[in-house]
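The values are calculated or read from the model by the stated rules, or taken from the named source; none is laboratory data. It should be emphasised that the depicted structure is a prediction, and the values quoted were computed from it without experimental measurement. Backbone-built Cβ (ideal geometry, glycine too); neighbour counts: all protein chains shown. Accessible surface areas use protein heavy atoms only, side chains included; no ligands, DNA or RNA. Shrake-Rupley method; radii C 1.70, N 1.55, O 1.52, S 1.80 Å.
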Amino acid sequence: MMKLTTFLYPIFIIFIFSSCTRYRYIYAPATPNIPYFTEKGDSKAAAYYAGAGGNGNVTSRADGIDIQGAYAIANHWMIATSYFNRNEKNIDYNNQPGEQAIYYKRNIIEMGGGYFNALNEKKSITINLLVSAGSGKFTIKEKGTDPGSTFNRFYDVNVFKYYLQPSINFRPEKNFSFAFYIKPTFVRYGKFNTDYTADEFKSYGFQDIYNKTLSFFELGYDLKFSIPGATWLSIEAAVSGVSKNYIYGTPLISRGGNGAIGLTVNFGKMEKKKIQ
């Protein structure tokens, strides 16, 4: 009987831990930067309101902004930049006893460049290949009450992000465009500050990602509607998903997706309109 109990005890502990785990979101996808360029001088300046999807049984708020820019420096080459910001809040993971709120802040600035080309004579079908990299910080702040006590915890980590984003873009009508894209993304988690205890730091999985690079595979689509009479100004919307949601062996997960809507300005087309 003693041997059986000794054998089953670790399994029991693992079961209790897994059933009571409160996950932490270690990653959230950004709105894709998709320039619909056809020639030198085309440009993009865009601002989006965005929200990241959640996983699990939680009450969630996850929103922020994406600011993007791009410029065609030649007929097939472009440069690009972007700023990513998210503010998130999750409450009551997995219905554990006590109250808990976890707050997230994410900020990344990126720079990159890429290639674009038309696939048909009308230039209604084009391709983009964007490569970009940037750095920033992710912050987790946790507040809550357990029976008989209250607690506050934080975890700040510097991140370095880089990705490859190919897309195929269509313009079936003058004022309407859409694109499909994929985005293999890599994030390295570096220097950090925290006041989690050593046991908490290890059990939540933060120790397992220190100085590690994690990969996330994103895919989705983008829609752009130009304003009639002002084709240089567009309403743009994008939806994306992340195929890898769980960081293996830890209670760390990624947001499941991203949705965004915003305004895009092509200053190159604006100048051409004035000249005409």
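Residue-wise test of (1) under 18 Å from Tyr204 (Cα atoms); (2) at pLDDT below 90; (3) not charged (D, E, K, R).
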residue	(1), (2), (3)
Ala62	no, yes, yes
Ile65	no, no, yes
Ser82	no, no, yes
Lys89	yes, yes, no
Ile125	no, no, yes
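If you scan the stretch 195-225, which residues turn out to be in contact (Cβ under 8 Å) with a residue 24 or more places away in the chain, among the basic types (Lys, Arg) and open to solvent by 60 Å² or more (accessible area, probe 1.4 Å)?
Hit for the stretch 195-225 is Lys212, nothing else.
Residue under question is Phe178, and the condition is that it be over 21 Å from Pro29 (Cβ atoms) and either β-branched (Val, Ile, Thr) or at pLDDT 95 or above (or both); does it hold?
On the way: over 21 Å from Pro29 (Cβ atoms): no; either β-branched (Val, Ile, Thr) or at pLDDT 95 or above (or both): yes.
So Phe178 does not fit the description; no.
Here is a list of conditions, (1) modelled with pLDDT under 90; (2) open to solvent by less than 20 Å² (accessible area, probe 1.4 Å), and Ser167 meets all of them except one; can you say which number that is?
(1)
How many of the residues in the stretch 185-194 are surrounded by 15 or more Cβ atoms within 10 Å (Cβ to Cβ) and closer than 30 Å to Phe37 by Cα?
Residues that pass the stated criteria total 2.
Quick one: would you say Ile247 is in contact with a Leu (Cβ under 9 Å, 6 or more places away or on another chain), open to solvent by 50 Å² or more (accessible area, probe 1.4 Å) and closer than 26 Å to Asn85 by Cβ?
Taking the combined requirement at face value, the residue does not satisfy it.
Only residues that are of a type in the set (D, E, K, R), touching a strand residue (DSSP E or B) at 6+ places or on another chain (Cβ under 8 Å) and at pLDDT below 85: list them for the stretch 1-57, please.
Answer for the stretch 1-57, where residues must be of a type in the set (D, E, K, R), touching a strand residue (DSSP E or B) at 6+ places or on another chain (Cβ under 8 Å) and at pLDDT below 85: just Arg22.
Looking at the stretch 230-247, is at least one residue more than 30 Å from Lys269 (Cβ to Cβ) and among the hydrophobic types (A, V, I, L, M, F, W, C)?
yes
If you check Glu236, Glu173, which single one turns out to be out of contact with any strand residue (DSSP E or B) (no Cβ under 7 Å at 6 or more places or on another chain) and either at pLDDT 95 or above or loosely packed, with under 13 Cβ neighbours inside 10 Å (or both)?
Just a single option satisfies the conditions, and that option is Glu173.
Of the conditions (1) open to solvent by 50 Å² or more (accessible area, probe 1.4 Å); (2) touching a Gly at 6+ places or on another chain (Cβ under 8 Å); (3) of a type in the set (A, V, I, L, M, F, W, C), Ala133 satisfies every one except a single condition; which number is it?
(1)
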